[in-house]
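What follows is a short report on a single structure.
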Amino acid sequence: MRLSALLATLAFCSFAAAAEPLITQVQHEPAQPKADVPVTVTAKLGAGLTKPVLKLQAVAPGKYVRKADAEYEKDWTDLPMHDDGKDGDAKAGDGVFSVRVPATYQKHRWLLRYRVTATDANAKPVRAPVAEDTCPNFAWWCDSGPAPWTGSREPGKSPAVTFSSDFQKTLQSMHLLAKWEDVAKSQWDGGAHKQKQAGTLVYRGVVYDHILFSNRGQGSAHIAGKNKWGLKFNKGHDVPFVDHDGVPFPAPVDGLNLNPGGSTPYLPILRGISGLDEVLSMRAYRLAGVPSPPATWVQWRVVTDPEEVPKDQYKGDLWGLYVAIGEMEPELLSDRKLPNGLIVSSQSGIKHAPKDMAEPQKEWEKFLNGMRSNPKEEWWRANLNLPDYYSFHAMNRLLGNVDLRPDGNHGYYRRPDGKWAPIPWDNDMMFVPRHHQPGYIEAINCLKHPAIALEYRNRAREVLDLFASDSSERGGQVGQLAADLSAALAPKNQNTDWPRLDEAKWNHHPRINPKGGYFLLSAEGSYFGGPFTRKIATADFAGLKKYVVDFCTDTRPGKKYAPNDGDPRGYGWGYLAHEAKDDKIPATPTVTRTQPDGFAFTAKTPDKTTTEWRVGRVGQRGWYELDDYWKKDAGPEMTIPAEVFKAAGEYRVRARSRDATGRAGHWSSPATVTVK
């Protein structure tokens with residue numbers, strides 16, 4: 001059974017009543033039909049059921065039918081099913097009934113909904129899906145692949161570029177089928193703010209019918225024109241989502257957030273960055289061990305018109321590039337499974353609570369009130385996950401998260417042990433070398449205690465050493481992360497990239513605000529901390545990627561850094577180095593590999609210090625030094641187990657010294673081990 005058919009069957013079975021008789025094993029083949037190809041629907045009837053009928057509803061593009069519409073219950077065609085081993089039925093008399101839906105029904109971009117009905121021994125009707133299912137029909141989507149699309153960054157002034165079907169297949173797509181008036185209301189009508197509209201999602205060939213969608217955001221919800229979306233899926237019909245590399249999210253999702261990827265609509269000086277700021281930031285927090293929602297890219301296609309590609313480049317299915325971000329849910333916040341815990345958004349309140357937690361709101365208020373009571377060091381250690389907070393705060397500085405504030409753009413996750421950890425959120429105003437909002441959360445008050453502040457500075461230096469000291473594309477740090485992520489947007493063997501497509505779609509779109517903002521060599525931004533000029537070396541996505549990497553690494557001529565100085569060159573590195581500064585830290589060791597073919601190392605370290613050792617992996621996609629691959633405290637000599645180096649690739653062995661006060665110095669320059 002194909003995956004999409006299996007998912008549909010499982011979704012149905014989860015809602016089926018426990019008592020027999022039932023209609024089960026409902027599926028269609030091919031699972032992802034193309035135009036002019038017949039489709040066979042099969043279903044197994046329980047004992048006593050007779051007269052099976054396939055009820056079919058064909059929905060044309062541009063004529064979407066909501067579940068609440070009168071037409072939904074009226075427009076069904078009956079096709080009797082049979083169990084005679086003929087016309088698509090595999091075996092006579094096996095209880096599995098079949099019907100072949102003629103090829104004439106299969107038209108590109110059409111939605112085919114279906115149900116199976118039968119009669120029980122008491123002459124009562126039975127159907128699948130059952131009436132109680134949140135999605136009362138099965139469905140397939142007929143898709144022959146995307147048509148070529150042509151657009152210009154400024155029609156009439158700039159040449160048009162054609163984006164081929166093959167190019168469009170390089171990034172996973174999501175289709176939303178809906179009525180145009182519902183889409184327009186959701187995206188651009190302030191009077192319909194966050195009102196739920198009905199539609200159908202198609203993802204990886206599987207139909208998720210009767211979902212809800214709305215706009216997202218607070219004050220900026222309708223400003224940009226290319227706005228945020230919120231998708232909510234039906235109970236029992238979670239979506240097994242994958243990232244741009246095909247890597248599954250840690251768990252299926254019951255909703256998704258789509259961001260436009262154009263930097264904040266208030267100050268879109270990074271327009272053209274195509275969500276690299278958001279996806280890289282979320283990945284960086286996650287690498288540092290901070291509970292963080294997964295983030296990736298999709299091409300968003302909204303089917304509201306009869307034509308897929310009308311003459312007007314601003315109409316039709318293709319809406320361009322969007323960032324897809326998972327919800328704040330425990331099963332999504334880490335690649336290492338987190339225990340079920342309370343999750344709270346600083347703006348919208350409780351997002352998730354364990355079923356056995358009696359009063360989650362009181363738990364949240366207790367923590368808030370505790371933070372605001374000028375607590376002692378012991379309270380912070382008992383109630384705040386300090387390692388996660390150190391990493392969160394260090395990344396905020398390095399990434400220039402200037403829209404962060406005590407009452408917004410973050411959340412908290414409470415572990416069962418009672419310790420809370422911050423969650424990053426709304427990363428669309430990053431890489432800014434000016435103060436704006438405070439740039440911190442209430443938990444920053446823990447740093448008033450000297451011992452906690454010392455531990456934070458240790459972690460800040462570690463982030464500088466392991467994530468911000470190498471800008472190269474295979475160096476296992478921020479440069480490699482930017483390169484790895486960008487590969488999804490600039491696929492090999494193509495003469496264009498996704499940021500250029502997004503530019504053609506939105507740069508002068510009638511709804512966009514402001515117009516003409518993509519890939520400007522120079523852009524002015526004014527923040528609460530003052531103005532600054534954003535410059536890029538080249539007027540393209542590569543120029544903005546370089547801007548991000550330069551912001552996070554020590555790239556400033558003259559090496560003079562100060563918070564809020566307005567110079568983006570190395571600003572994030574400089575801000576974090578400013579906070580990490582401690583003149584009393586131990587000296588940095590020198591690491592030597594004692595045998596060319598062995599795994600014994602020595603570190604020249606200061607007296608009266610403990611030596612910490614670590615091994616990081618670099619050079620391959622997904623191998624980053626900041627990830628805790630292998631660590632151990634020992635003396636100045638270390639033999640690392642051979643199994644640490646069992647996979648082919650490049651490894652970096654480093655050491656650092658920690659003194660009796662708890663101060664840790666910088667990690668050493670690496671000794672490199674290459675395994676072929």
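Once both axes come from the Cα atoms, what is the angle between helix 541-552 and the longest principal axis of the chain, in degrees from 0 to 90, rounded to 10? Rounded to the nearest ten degrees, it is 40.
For Glu73 and Asp166, what does the FRET efficiency come to when R0 = 56 Å and r is the distance between their Cβ atoms, rounded to the nearest 0.05? Don't jump to the answer; show the numbers that get you there.
Numbers: r = 41 Å, r/R0 = 0.74.
So, using R0 = 56 Å, E works out to roughly 0.85.
Tell me, what is the FRET efficiency for Glu359 and Lys235 to the nearest 0.05, using R0 = 35 angstrom and their Cβ-Cβ distance as r?
On the way: r = 24 Å, r/R0 = 0.70.
So the FRET efficiency works out to roughly 0.90.
Other residues whose C-beta falls under 13 angstrom from the C-beta of Phe519 contribute a net charge of +2, scoring Lys and Arg +1 and Asp and Glu -1.
Put simply, the amide H of Leu342, placed in the peptide plane, has neighbours under 5 Å in Arg414, leaving out anything fewer than 5 places away on its chain. Each Lys and Arg adds +1 at its Cβ and each Asp and Glu adds -1 at its Cβ; summed about the Cα centre, the chain shows a dipole of about 1000 debye.
Computed FRET efficiency, Cβ-Cβ of Arg66 and Lys515, R0 30 Å: what is it to the nearest 0.05? Write down the numbers at each step before the final one.
Values: r = 34 Å, r/R0 = 1.12.
Between Arg66 and Lys515 the formula returns 0.35.
Both radii come from the Cα set of the range 588-641: Rg as radius of gyration, Rh as Kirkwood radius; their ratio Rg/Rh reads 1.00.
Given axes a ≥ b ≥ c from the Cα gyration tensor, I'd like to know whether the range 485-624 is rounded (a/c under 1.5), prolate (a/b larger than b/c) or oblate. Before the final figure, lay out each step's value.
Values: a/c = 3.88, a/b = 1.67, b/c = 2.33.
Taking the square roots of the gyration eigenvalues as a ≥ b ≥ c, the range 485-624 is oblate.
A simple spin-label model places pseudo-atoms 7 Å from Cα toward Cβ; at Val675 and Ala600 they are separated by 2.0 nm.
Distance between the modelled labels on His108 and Glu307, one decimal in nanometres: 1.4 nm (7 Å Cα→Cβ projection). Considering only protein heavy atoms, what is the solvent-accessible area of Lys179 at a probe of 1.4 Å, reported in Å² to the nearest 10? Ignoring ligands and nucleic acids, Lys179 comes out at about 50 Å².
Have a look at the DSSP beta bridges in the chain and tell me what percent are antiparallel, nearest 5.
Numbers: 111 of 117 bridges.
Here the share of antiparallel DSSP bridges comes out near 95 percent.
Peptides 209-215, 390-396: what's the order by average Cβ count within 10 Å, highest mean first? Mind showing how you got there, number by number?
On the way: 209-215: 21.7, 390-396: 26.4.
The peptides rank, most packed first, as 390-396, 209-215.
Mean residue ellipticity at 222 nm, helices only, the chain: -6000 deg cm²/dmol; runs of at least 4 DSSP H residues each add -39,500 (n - 2.57), and the sum is divided by the number of residues.
For the pair Ser158 and Asp36, label points projected 7 Å from Cα toward Cβ lie 3.8 nm apart.
Each Lys and Arg Cβ is given +1 and each Asp and Glu Cβ -1; about its Cα centre, the range 311-466 then shows a dipole of about 360 debye. Along the Cα-to-C-beta direction of Ala147, a point sits 7 Å from the Cα; which residues of the range 281-324 have their amide N less than 18 Å from that point? In the range 281-324, the label zone of Ala147 (backbone N under 18 Å from the point 7 Å along Cα→Cβ) covers 300-320.
Whole-Hz Karplus values for the range 445-454 come out as 5, 5, 6, 5, 8, x, 5, 6, 4, 4 Hz, taken residue by residue from phi with 6.51 cos²θ - 1.76 cosθ + 1.60 and θ = phi - 60°; glycine and proline positions read x.
The amide H of Phe241, built 1.01 Å from its N in the peptide plane, has Phe249, Val253 as neighbours under 5 Å, considering only residues 5 or more places off or on other chains. Between the amide H of Thr590 and those of Lys604, distances stay under 5 Å, these residues lying 5 or more places away or on another chain, with hydrogens modeled in the peptide plane.
Take the solvent-accessible surface of the protein heavy atoms, probe 1.4 Å, and return the percent of it on the range 501-640 that carbon and sulfur atoms account for. Numbers along the way, then the final one.
Details: 3450 of 6780 Å².
Ligands and nucleic acids excluded, carbon and sulfur give 51 percent.
For Lys124, give me every one of the lysines with a C-alpha distance below 16 angstrom, ignoring sequence neighbours fewer than eight places off in its own chain. Of all the lysines, those that pass the test against Lys124 - Cα under 16 Å, at least 8 places apart if same chain - are Lys51. Given +1 at the Cβ of Lys and Arg, -1 at the Cβ of Asp and Glu and no other charges, the dipole of the range 534-676 around its Cα centre is 280 debye to the nearest 20. Measure off, as a whole percent, the carbon and sulfur share of the 1.4 Å-probe accessible area of the range 155-282, all protein chains present. The nonpolar share, carbon plus sulfur, comes to 53 percent. Comparing Cα centroids, the range 385-409 and the range 193-209 end up 33 angstrom apart.
Its residues counted as N, the range 430-471 yields a C-alpha radius of gyration over 2.2 N^0.38 Å of 1.42.
Using θ = phi - 60° in the Karplus curve 6.51 cos²θ - 1.76 cosθ + 1.60, the 3J(HN,Hα) couplings for the range 371-382 round to 4, 8, 9, 6, x, 7, 4, 4, 5, 4, 5, 7 Hz; x is entered for Gly and Pro.
Find the accessible area per residue for the chain; the probe is 1.4 Å, ligands and nucleic acids are left out, and the unit is Å². Before the final figure, lay out each step's value.
Values: 27810 Å² over 676 residues.
With all protein chains present, the chain gives 41 Å² per residue.
Scattering from the range 284-382 was approximated by placing one identical point on each alpha carbon and applying the Debye formula without solvent; log10 I(q)/I(0) at 0.14, 0.17, 0.24 1/Å stands at -0.76, -0.93, -1.25.
Note that the range 396-405 has calculated 3J(HN,Hα) couplings of 4, 5, 5, 8, x, 7, 8, 9, 6, 8 Hz, one per residue in order, obtained from phi through the Karplus relation 6.51 cos²θ - 1.76 cosθ + 1.60 (θ = phi - 60°); glycine and proline are x. For the chain, the longest principal axis of the C-alpha atoms and the axis of helix 3-13 are separated by about 70°. As a rough guide to protection, the peptides 268-278, 362-372 ranked by mean Cβ packing within 10 Å, highest first, stand as 268-278, 362-372.
Applying 0.36 nm per residue to the separation of Lys632 and Gln494 and subtracting their alpha-carbon distance, the gain on full extension is 45.2 nm. Here the range 225-291 and the range 124-170 have alpha carbon centers that stand 20 Å from each other. Remark: C-alpha extents of the chain on the principal axes read 88, 60, 57 Å, sorted largest to smallest.
For Lys676, the lysines whose Cα falls under 18 Å of its own Cα, not counting residues fewer than eight places away in the same chain, are Lys646. Think of the chain as having a plus end and a minus end, set by charges on the Cβ of Lys, Arg, Asp and Glu; of Phe213, Gly88, Gly289, Gly289 sits farthest toward the positive end of this dipole.
Remark: relative contact order (the chain) = 10 percent; criterion is Cα-Cα distance under 8 angstrom and separation of 6 or more residues.
Comparing Gln361, Tyr390, Tyr314 along the charge dipole axis of the range 308-409, the residue lying farthest to the positive side is Tyr390, per the Cβ-charge model. Of the residues Gln32, Gln477, Gly525, the one whose Cα sits farthest towards the positive end of the charge dipole of the chain is Gly525 (charges of +1 on Lys and Arg Cβ, -1 on Asp and Glu Cβ, taken about the Cα centre).
If you look for lysine pairs in the range 499-602 that are eight or more places apart or on different chains, how many of them have Cα atoms under 16 Å apart? Don't jump to the answer; show the numbers that get you there.
Details: Lys505/Lys515; Lys535/Lys545; Lys535/Lys546; Lys559/Lys581; Lys560/Lys581.
Total qualifying Lys-Lys pairs in the range 499-602 comes to 5.
With q set to 0.26 Å⁻¹, the log10 of I(q)/I(0) for the range 143-187, from the Debye formula over equal scatterers at the Cα positions, is -0.90.
The values are calculated or read from the model by the stated rules, or taken from the named source; none is laboratory data. Just so it is clear, the model here is predicted, and its values are computed rather than measured. FYI the Cβ positions are ideal-geometry reconstructions off the backbone, even for glycines, and counts take in every protein chain you see. When the accessible area is computed, the model is the full protein with side chains, heavy atoms only, and any ligands, DNA or RNA have been set aside. Shrake-Rupley method; radii C 1.70, N 1.55, O 1.52, S 1.80 Å.
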